[in-house]
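I have placed the structure first, in the form of structure tokens, so that the comments after it can refer back to it.
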Amino acid sequence: MAWQTIAKSIRDWALPPNLADYGRARVAFAWEGARKELDGLPGGQGLNIAHEAVDRHANGPLRDHLAIRWLGKNGEVEDYSYGRLQTLSNQFANALQQLGVNKGDRVYILAGRIPELYVAALGTWKHGGVFCPLFSAFGPEPIRARLTIGHAKVLITTEVLYDRKVKALLPSLPFLDHVVLIGSNHQATNVPNTKDYLRLTENAGDSYTIPPTAPEDAALLHFTSGTTGTPKGAIHVHGAVIAHHITGKLALDFHQQDVFWCTADPGWVTGTSYGIIAPLTNGITSVVDEADFDPERWYGILQSQKVSVWYSAPTAIRMLMKAGSEIVRKYNLDSLRFLSSVGEPLNPEAVVWSKEVFGLPFHDNWWQTETGGIMIANFASMDIRPGSMGRPLPGIEAAIVQKTEDGSIQEISDPDIQGELALRPGWPSMFRAYWGEPERYKKCFAGGYYLTGDLAKRDRDGYFWFVGRKDDVIKTSGHLIGPFEVESALMEHKAVAEAGVIGKPDPMALEIVKAFVVLRKGYEASENLRRELLGFARTRLGAVVAPKEIEFVKSLPRTRSGKIMRRLLKARELGLPEGDTSTLESE
Ligand code: AMP
């Protein structure tokens, strides 16, 4: 079915959009101009994310403005003004100082969406540390791998997560100098070999002068997944804040009065770039909800908090659609004025549905861990083509490219031809490295482009359309999962000889993780063993990463060089043609 463009008119805007004329904005835009919207550290001492996010507001008229309203899962409400965030993050920075943390040291946090996470992020940036958030639903294996790759110096976590997932790992983490624990209900903890967050921060001074910070100083380590090998740690620098700030303004259309809700968890890049940094640098109010997805709770939050700008993800939107339009009518959602989505393809049906039930379409946008910020977007002022990711941000050059026979990169200028989505490097939030893996980083660039690993098309009006991933990584409920990490964990079970993992299409989660398992000699396939393996993987990897389905097979298709042909496993699963199998080892 061809979807009709949702044409925008002036009546669609409760406020004049920040980006009113796309063509003009692209011509007029310069990153130096965007930089001028920020203050920089006093005395020309550089650029620091936390200064732009908190201190410059706390030292000015926004001191008492609500920065974050935290909604606890048990009904608690806590308000953090810009002034209060300043004090708390100063205390945290002083606590890091006392612990002997130096500039460039990695400070990890493994926690749900609790206030301490936001304070720790800001305090780490103030102190010059590199902040690395880990998703709290990860199991011990993904946690151990990420702490090891980034050589964590400090880990902040909760007492509960420590007991369940971290304690047993400690002997394999000799580089980890400090574990700091947050007690339940903000209570102090008393666990051997750890420090208590509350005591550490309460006893620390509440004023702190941010040391000089160069825009190229590392600030963030975000893990993402590839097809092979270990997870990749993408490094972002303090200068990225220019892109966070300006994309919040142009793509999410932040205005001073806005109440913003980004539903993503800071364990994933969206929850940091737009769940922490961009709303704060823009001086607006954010809502943070600790609880898991629940339609009634979500609509209740939109209503009670008078959310005006809402940034969510397709899996959640599909679940809201499934819950039905009737529920929506029980709530007054008049405060909403701009809806946006990221992370996976947004079905055209979802855009049309939201226009029907909220009177507002979801605006899809595209970016990834490596880009640090939104690169392609449907802007508030722009007509929407449901199913399209939109057009590149001002300052971003996007292209569709292909590899020629001689291995060089060629831009495809004809419209509607599929190729790899590529970006011209040079925007401030571009990743600067994969931690400790220069070769892997280098491989992302060719012909003057950063190659995204996504396949897409561009239509004749410059709208980009997502086609799929070029590699075998899996998108499940908005989370990027590396098949290799799952295969490795399964192979640690004594019954498993080898495993091949794919993303199996799913109407709600986009894909689910499915594993094909070859058993070792002496083991028989059975329902009991299948359940045992599912449980084994879940305990090691955590619920988001572990396979939801396991199928026993006699062998896995491999290339002659020994690589598992996941593409073939997937084609067979879907009953599709197997494509080029010339490199297939005879099975
Ligand atoms: P992550 O690095 O975990 O944020 O995942 C980035 C990947 O998610 C991209 O490379 C795409 O494959 C996918 N993605 C992100 N946004 C979109 C979108 N709007 N439409 C389709 N796929 C998307």
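The values are calculated or read from the model by the stated rules, or taken from the named source; none is laboratory data. Every value quoted in this text rests on a predicted model; they were computed, and no experiment measured them. Quick reminder, even Gly has a Cβ in these numbers, built from the backbone with ideal geometry, and neighbours come from all protein chains shown.
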Of all residues in region 318-354 being of a type in the set (Val, Ile, Thr) and more than 17 Å from the chain's Cα centre (by Cα), the one that is farthest from PHE293 (Cα to Cα): VAL352
Any helices (runs of 4 or more DSSP H) falling wholly within region 174-278 and containing at least 1 residues that are within 16 Å of the ligand (Cβ to nearest atom) and in the same structural domain as ASP292 (by TED's automatic domain parsing): 241-250, 269-272
Residues (in a strand (DSSP E or B) and either of a type in the set (D, E, K, R) or buried (at least 16 other Cβ atoms within 10 Å of the Cβ) (or both)) located in region 64-105: LEU66, ALA67, ILE68, ARG69, TRP70, LEU71, GLU78, ASP79, TYR80, SER81
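So which residues in region 363-422 are among the acidic types (Asp, Glu) and either modelled with pLDDT of 95 or more or within 16 Å of the ligand (Cβ to nearest atom) (or both)?
ASP364, GLU370, GLU397, GLU411, ASP414, ASP416, GLU420
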Qualifying residue in region 524-531 (condition: surrounded by fewer than 17 Cβ atoms within 10 Å (Cβ to Cβ) and small (Gly, Ala, Ser)): yes
Residue match in region 157-170 (condition: among the acidic types (Asp, Glu) and either part of a loop (DSSP other than H, G, I, E, B) or at pLDDT below 95 (or both)): no
Matching option when the condition is at pLDDT 95 or above and either away from the ligand (no atom under 16 Å from the Cβ) or outside any strand (DSSP E or B) (or both), among ALA525, ALA497: ALA525
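Out of all the residues in region 185-201, is one or more at pLDDT below 95, closer than 30 Å to LYS443 by Cβ and touching a Phe, Trp or Tyr at 6+ places or on another chain (Cβ under 9 Å)?
There is no residue in region 185-201 that is at pLDDT below 95, closer than 30 Å to LYS443 by Cβ and touching a Phe, Trp or Tyr at 6+ places or on another chain (Cβ under 9 Å).
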Which listed residue is in contact (Cβ under 8 Å) with a residue 12 or more places away in the chain, within 20 Å of THR476 (Cα to Cα) and outside the structural domain of PRO314 (by TED's automatic domain parsing), from ALA525, ALA489: ALA489
Region 423-474, residues that are touching a Ser or Thr at 6+ places or on another chain (Cβ under 6 Å) and under 23 Å from ILE564 (Cα atoms): ASP471, ASP472, VAL473
Check on ASP364, charged (D, E, K, R), under 30 Å from TYR434 (Cβ atoms) and not in a helix (DSSP H, G or I): yes
